[in-house]
1. Distance in nm between label sites at Asn12 and Leu49, each 7 Å beyond Cα in the beta-carbon direction?
2. What number comes out for the charge environment of Gly68, summing +1 per Lys or Arg and -1 per Asp or Glu over other residues with Cβ under 12 Å away?
3. Angle check, please: helix 56-67 long axis (alpha carbons) against the longest principal axis of the chain (alpha carbons), in degrees 0 to 90, nearest 10.
Amino acid sequence: MLDSKVAGTFRNLFGVSFSQPGYAAEKYLQCLRLAQEDIRSFGLEQFRLLELSSPEARIVDKIAWVVGQS
């Protein structure tokens, strides 16, 4: 799920446009692909070390939420 802060992060960092109404599964999948690419460029093992007890998707969510605060 993309809340407004996470959506703002994807809009600001990756240029993903969101419109209301119009949010669709395709937009969510686009964000997942972008997150996957970003994780790969960072390094999967390094990324997992950011929070050992959380799945990668949760780590992405937490980071995107914090970045969306600003």
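Values in this text are rule-based calculations from the coordinates and carry no lab data. None of these values were measured; they are calculated from a predicted model. Please note: Cβ atoms are built from the backbone with ideal geometry, for glycine as well, and neighbour counts cover all protein chains shown.
1. 2.7 nm
2. Details: positive: Lys5, Arg11, Lys62; negative: Asp3, Asp61.
Once positives and negatives cancel, what remains is +1.
3. 60 degrees
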